[in-house]
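Colleague: Structure provided below as structure tokens; questions to follow.
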Amino acid sequence: MTASAARKRFREDEKRRDSEHVSFLRHKGFRWLWIGIALSGTAALGYALIDQQPRPNGGTWYGYLLGTIGLGLIVWLSLLGVRKRRINPGAWSLKAWTSAHVYLGLSLIVIATLHTGFQIGWNVHTLAYVLMLLVIATGIYGVVAYSVLPARLSDNRKEMTRAQMLDALTALDRQLESAAQPLARGEADLVLAALKQSPFAGGALARLTARYPGCATARARKGLVGTSETEQRVRALLERRLAQLGQIRSSLRIRALLEVWLFLHVPLTLALIAALAAHVISVFYYW
């Protein structure tokens with residue numbers, strides 16, 4: 001390899017590494033943001049320049065044009081899940097597709113609103129419009145969550161893996177089980193109940209809020225009010241167990257907040273596609 005070819009190869013590798021560290025929101029210097037703004041601006045300008053009464057709506061030629069563009073965008077944007085299953089580092093890499101997904105999805109707010117002609121009613125057309133807004137809202141939440149929460153998850157772990165956090169809890173449990181043996185029956189039962197309770201108990205709401213009102217460890221800590229050396233040692237271990245549980249539950253909460261939007265975004269997208277199909281069929285049926 002010649003020196004010039006080696007330098008060229010080095011520059012290409014350096015450029016690729018820099019690109020890999022750029023967020024999908026900033027991909028190619030916000031290319032898809034500007035495309036989305038241009039698309040929205042063109043649609044709004046066209047709507048403003050059309051001089052007709054009544055104003056353009058879904059039943060006019062401009063409404064049909066915007067509706068066709070919007071439908072095409074929605075179908076294409078819904079294919080992101082298919083794209084994720086393919087490996088392609090080229091021009092249409094996953095990062096490029098995701099960037100386009102976000103910014104073109106936002107442009108749908110303008111395009112679809114102009115398509116309606118600001119005419120809202122209790123019908124399948126408005127249902128499709130509302131579902132689209134809900135899909136976009138959950139998508140915005142997903143973008144914000146994945147921009148903020150991974151760093152919080154890393155800070156909460158304190159360089160510990162999930163397995164290491166559970167191992168630390170198990171070690172505390174062994175100490176607690178041994179230390180609680182000299183306790184009175186009632187106090188020992190409180191500690192044993194805490195040891196038997198799974199750190200993952202509490203359900204979806206508890207996981208999302210990190211609030212566990214039925215926490216047996218907290219109940220045991222509150223129940224031990226004696227001043228003997230044994231009780232003080234057990235109480236200190238229970239406090240350490242509560243702190244360890246807090247770290248685990250905080251990690252679970254962050255993970256739940258990262259994942260919960262998909263349980264809304266994907267079903268809402270499917271419902272939107274179904275409503276769009278009904279919307280298009282009804283339009284052509286009554287045309």
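Where a number appears in this text, it was derived from the coordinates with a stated rule and is not lab data. Computed from a predicted model, the values in this text were never measured in an experiment. With ideal geometry, Cβ positions are generated from the backbone for all residues, glycine too; neighbour counts draw on all protein chains shown.
Colleague: Let me test this: with uniform point scatterers at the alpha carbons of region 162-259, what is the Debye-based log₁₀ I(q)/I(0) at q = 0.10 1/Å?
Modeller: Per q value, in the given order, log10 I(q)/I(0) is -0.27.
Colleague: Place +1 on the Cβ of every Lys and Arg and -1 on the Cβ of every Asp and Glu in region 202-287, take the dipole about the Cα centre, and give the residue among 245, 281, 208 whose Cα lies farthest towards its positive end.
Modeller: Value: 245.
Colleague: Could you state, as a whole-number percent, how many of the C-alpha pairs of region 108-238 are farther apart than 17 Å?
Modeller: The proportion of pairs with Cα distances above 17 Å equals 73 percent.
Colleague: Further question: Only counting other Cβ atoms within 10 Å, I'd like 116, 227 sorted with the fewest neighbours first.
Modeller: The fewest-first ordering by Cβ neighbours comes to 227, 116.
Colleague: Given only helices, namely DSSP H runs of n ≥ 4 each adding -39500 (n - 2.57), what is the per-residue ellipticity at 222 nm of the chain, to the nearest 500 deg cm²/dmol?
Modeller: For the chain, the value works out to -26000 deg cm²/dmol.
Colleague: Can you sort 32, 76 so the residue with the fewest Cβ neighbours within 10 Å comes first?
Modeller: Listed from fewest to most nearby Cβ atoms, that is 76, 32.
Colleague: Okay, next question. Output the 0 to 90 degree angle, nearest 10, between the alpha-carbon long axis of helix 185-196 and the longest principal axis computed from the alpha carbons of the chain.
Modeller: Result, in degrees: 30.
Colleague: Would you mind checking the tilt of helix 3-20 against the longest principal axis of the Cα atoms of the chain, expressed as 0 to 90 degrees and rounded to 10?
Modeller: It works out to around 70 degrees.
Colleague: Determine the relative contact order of the chain: mean sequence separation of Cα pairs under 8 Å and six or more apart, normalised by residue count, in whole percent.
Modeller: Normalised by residue count, the contact order of the chain is 22 percent.
Colleague: Let me ask another. For Cα pairs less than 8 Å apart in space and 6+ apart in sequence, what is the mean separation divided by the residue count of region 162-259, i.e. the relative contact order in percent? Mind dumping the intermediate values first?
Modeller: Numbers: 84 pairs, mean separation 38.8, N = 98.
In percent, rounded to a whole number, it is 40.
Colleague: Relative to the longest principal Cα axis of the chain, at what angle does helix 229-259 sit, 0 to 90 degrees, rounded to 10?
Modeller: 10 degrees
Colleague: In what order do 99, 40 fall by count of nearby beta-carbon atoms within 10 Å, going from fewest to most?
Modeller: Final ranking by Cβ density, sparse to dense: 40, 99.
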